[in-house]
Amino acid sequence: MIECFHYKYKCIQSEDMRTLTIGLLGYGTVGKSLDSLLQTHDALTIASIFRRKGKAVEPRMTDDPMKVVANSAIDTVVEVLGGLHPAYELVKSALMNGKHVVTANKALVNAYGDEFKRLAEVHQVSFLFNAACGGGLPYLSSMIDSREEGSITSVGGILNGTTNFMIDQMERKHLSFEEALKQAQSLGYAEADPSGDIDGIDTLNKLRLALVVSSNRWVEVNSVQVEGIRSLQADDITFLQANGLKVRLLCYGQMSETRSIAFVEPTLVKADESESAILANNNIAWFSQDGQPRQELIGQGAGGLPTAGNILRDLEHIQRSTSSMLPMDTILVQADNTQEVHPYYVRHALSLRNSALESITVEKYVLGEQVYRFTSPVSVHAMHQMMSTIRLHHPVFYAGLLSGRSV
């Protein structure tokens, strides 16, 4: 074994490809897809699967997760349970038992990633989570590789396949929000409780992972302005399409020596912009480096097989070497979106009267009982604050305009 350091990420190289004996925590859509993928991999074997009581019906299955994480015959644990508990306790136990861990759980890595990284270093095992950001795209690993060529200055894209699928159904099939959500749930893209997707929390978690992998900085959760698509209506889609626009749920992050920018919001895009062509449950994940064109990755961002494919990449990486994706030293920073300025679209009921909103309006259309506005450039921080105040008494939908361009 030789020890090396790669872009500040510890890596212990192995001369031979390892065979891995895998314990799988969770057997939902992703877990089943991974099990199917590994049927043809002789060197990657799932030996034990944790399922909840009443579901552990096959010889490999158990309803006691400790039989997976404490099993001496298992050297690698894959966690696809979702949520924070008991996932936290099980991943921690697996690492302390000297097992490599691969997870697709972005909320878990956001909350406990640094702790898991330290445990992995102590026990000389891997802690990898490529599937936690970008679905089937090798987004995080691509940024780690690219850091050798220069600092990454900004990240972003469409990182939630569920909401993109819903918007696409509303745009192309003219479904209502509720109908699009039901379709996403029936296909396994959305959970029974879809709040994490439609309120932008899933995208926020992925943005934080992209930023820490690319810049060594965790952005403080409560400093990030976040707006999802819960308030999007078919009326918005109809109006925007008539004006040559589409809406996408985008995130953006930028780190410099003096300021950190990070926000999630619905965003209007034109037909000639990359994001406009992202349909169904696909993602576009991008990053920029000084003096280089924006690097884009496009592919499926939700569903069992795409996510399982990224888990498989991590497992194949563990076969070759032991490493950690998180930087050796991370710091916590506050996002400051007060100087990030662009125009906005706002739709609300005719009954709403608001002088502050009126003062920033440059175009206004009244159609029936709905008002549609385009504003002058406003800071992300100020706009989200204004909309939060208005929403206390009136329903409203708003979206930024990509790159600050006017309509």
Output for Cβ contacts, cut-off 6 Å, separation at least six or different chains, first residue under 20 Å from ARG208 (Cβ atoms) in segment 113-130, second of a type in the set (D, E, K, R) and buried (at least 24 other Cβ atoms within 10 Å of the Cβ), reads LEU128/ASP314; ASN130/ASP314
Restricting segment 296-309 to residues that are modelled with pLDDT under 95 and not small (Gly, Ala, Ser), the one farthest from the chain's Cα centre (by Cα) turns out to be LEU305
Of the residues in segment 1-23 that are touching an Asp or Glu at 6+ places or on another chain (Cβ under 7 Å) and among the hydrophobic types (A, V, I, L, M, F, W, C), the one that is modelled with the lowest pLDDT is ILE12
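Go through the residues of segment 209-218 one by one and say whether even a single one is out of contact with any Pro (no Cβ under 8 Å at 6 or more places or on another chain) and surrounded by fewer than 23 Cβ atoms within 10 Å (Cβ to Cβ).
In the first step, residues of segment 209-218 are kept if they are out of contact with any Pro (no Cβ under 8 Å at 6 or more places or on another chain); the result is 209-211, 214-215, 217-218.
From the residues that got through so far, the ones that are surrounded by fewer than 23 Cβ atoms within 10 Å (Cβ to Cβ) too are 217-218.
Yes, because at least one residue in segment 209-218 is out of contact with any Pro (no Cβ under 8 Å at 6 or more places or on another chain) and surrounded by fewer than 23 Cβ atoms within 10 Å (Cβ to Cβ).
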Could you say whether any residue in segment 377-396 is more than 21 Å from the chain's Cα centre (by Cα), in the same structural domain as GLN39 (by TED's automatic domain parsing) and either free of Cβ contacts under 8 Å to residues at least 40 places away in the same chain or farther than 26 Å from SER276 by Cα (or both)? no
Going through segment 78-119 in order, the residues found to be touching a His at 6+ places or on another chain (Cβ under 7 Å) and surrounded by 24 or more Cβ atoms within 10 Å (Cβ to Cβ) are LEU95
From the option list VAL101, VAL109, single residue qualifying as under 18 Å from the mean Cα position of the chain (by Cα) and not in a loop (DSSP other than H, G, I, E, B) is VAL109
If you go through LYS206, LYS182, the only one that is assigned by TED's automatic domain parsing to the domain that holds ARG347 and crowded, with 24+ Cβ neighbours inside 10 Å is LYS206
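The values are calculated or read from the model by the stated rules, or taken from the named source; none is laboratory data. Keep in mind that this is a model prediction, so the values were computed, not measured. Virtual Cβ from ideal backbone geometry, glycine too; neighbours counted across all protein chains shown.
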